[in-house]
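Input: a single structure, listed below in structure tokens.
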Amino acid sequence: MNISIFGLGYVGVVSCACFSREGHRVIGVDIEETKVNLINSGKATIIEKGLEEQIKDSVEKSKLSATKNFKEAVCESDISFICVGTPSLPNGSINLAYIYQVVKQIAQSIKDKDSFHTIVIRSTVKPGTLKTCTEIVEDISGKKVNDGFGMVSNPEFLREGSAMKDFVEPPYTIIGTKSQQSESVLKELYGSIDAPIFCIKPEEAELIKYANNNFHALKISFANEIGNICKEHNVDGHTVMDIVCKDTKLNLSPYYMKPGFAFGGSCLPKDVRGLTNIAKKMDLETPLLSSLLVSNRYQIERGLDLIFSTGSKKIGFLGFAFKSGTDDLRESPIVEVIETLIGKGFDLKVYDSNVHLSSLMGKNKEYINSHIPHIYKLLKKDINEVIKESDVLVIGNNSKEFKEVIHKIPKEKTIIDLVRIDNELTTSDNYVGICW
């Protein structure tokens, strides 16, 4: 198939790589020239295992290219995927401006097209968004839905750090549409993926991603609160939760059920705010969901208290992307900890090989320069320099690199492990954690 993908962030660039790997002809579209140039030179716009190799291979085989020309991309494709961001507004509601902007571009582009075009919203959007977008396309293009074009809600279930694997091994594929022709197109497109396909109403599809991510956030917060209680009773929270997770009949997946640090990233915080805002506008009370970010914030405060309790001002951070295997700093709880310590006059050194690499390549540079330039000045390229010049070392994510060096850290240095990186060290005098 001929596919255009709007937005070359996490979801978009992974989709580009995976669809082109299947032999489809893919055109990536983005307003940022840097991202377009990276793709066309065979490079990834983000750090993700196996991604850059696949992009390079697809570009060399002429299966993947990128452009800023949205009209050309739409005219040369039969399906357009919308993978742009839907960030939170100050009041917690969802900013759909980028979605509507792309929908208008696609509508203008199909105006003079004779063939049927399928428009797929892959981004996380509130219920009713597909209906609004359908009206926009009809108004601008002059075409009728299910006649000249079809609209589909197709939420993604990609985890940063394992997105390439998750794309081909999803729990299921969701197709929310009222167009039989577009439904058939999507079924054929995902036919090679071994996962059940659920064809449902668009509004149901739009809500599923929120339900999933809020459940993930709930599991993380639940595990952390249990871990905190265990800590106060000198009980190992991981032992307790490991047993809880043995019940695979009722307790579902153990993936998020590990006591540790606060959740962050581009999805969970935003989607918790988004769903509670939706409920608020309907005058519905959501005591549990509304407590998730409060509980998450408390976990950050406990991490800060651990650091303060050491009495040291020389603190080193190993890892400050929101999770290992990624360079994503969006809503990273470790970034919040670092910013708090900067404000209190601590002497800080930070290290994260993925963030350092992406800042040099320009992938993460804009975010760093516009949001956290003060932290970037503290970033070191040598992990040993951070270890040597710090009295307290804070483990911020589960990077394999940190697992390899942690046993070599001198005993006189305090290690605060926020993510339980090594079970064998939990009894060491210089090794403390937030939930055990």
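The values are calculated or read from the model by the stated rules, or taken from the named source; none is laboratory data. All values reported here derive from a predicted model rather than from experimental measurement. As a convention, Cβ positions derive from the backbone with ideal geometry for all residues, glycine included, and neighbour counts pool all protein chains shown. These accessible areas exclude ligands, DNA and RNA; they are computed on the full protein's heavy atoms, side chains included. Shrake-Rupley method; radii C 1.70, N 1.55, O 1.52, S 1.80 Å.
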So the number of lysine pairs in segment 218-335 with alpha-carbon atoms under 23 angstrom apart, 8 or more residues apart or on different chains, is 16
In Å², rounded to a whole number, the accessible area per residue of the chain with probe 1.4 Å is 45
Hits in segment 275-306: amide N under 20 Å from the 7 Å Cα→Cβ extension of SER93, namely 275-286, 290
Computed ³J(HN,Hα) along segment 105-110: with the Karplus parameters 6.51/-1.76/1.60, θ = phi - 60°, integer Hz and x for glycine or proline, the list is 5, 5, 4, 4, 6, 8
Along the dipole axis of the chain (charges at Cβ: +1 for Lys and Arg, -1 for Asp and Glu; origin at the Cα centre), the most positive-end residue among THR86, HIS238, ALA97 is ALA97
Heavy-atom accessible area of the chain with neighbours in place, 1.4 angstrom probe: carbon+sulfur share in percent works out to 52
The distance between the Cα centres of segment 89-163 and segment 353-412, in whole Å, is 39
With all protein chains in place and a 1.4 Å probe, THR86 shows an accessible area in Å² (nearest 10) of 10
Mean separation of Cα contacts under 8 Å (at least 6 apart) over the residue count of the chain, i.e. the relative contact order in percent, is 12
Candidate cut points under GluC sites (Glu not before Pro) in segment 219-311, DSSP loop plus at most 10 other Cβ atoms within 10 Å of their own Cβ, are GLU285
Expected field for ARG297, accessible surface area in Å² at 1.4 Å probe radius, rounded to 10, holds 80
Taking ILE94, ILE200 and ranking on accessible area (1.4 Å, protein atoms only), highest first, one gets ILE200, ILE94
Taking Lys and Arg as +1 and Asp and Glu as -1, residues besides GLY92 with C-beta under 11 Å from its C-beta add up to +3
With x for Gly and Pro, the residue-by-residue ³J(HN,Hα) of segment 264-272, computed from phi through the Karplus equation 6.51 cos²θ - 1.76 cosθ + 1.60 at θ = phi - 60° and given in whole Hz, is x, x, 8, 10, 4, x, 5, 6, 5
Distance in nm between THR286 and VAL405 label points, each 7 Å along Cα→Cβ, equals 4.0
The answer for trypsin sites (Lys or Arg not before Pro) in segment 302-362 that fall in a DSSP coil and have at most 12 neighbouring Cβ atoms within 10 Å is LYS344
Here FRET efficiency (C-beta to C-beta, ARG159 to PHE308, R₀ 30 Å, nearest 0.05) is 0.40
Once all protein chains are kept in place, ILE372 shows an accessible area at probe 1.4 Å, nearest 10 Å², of 10
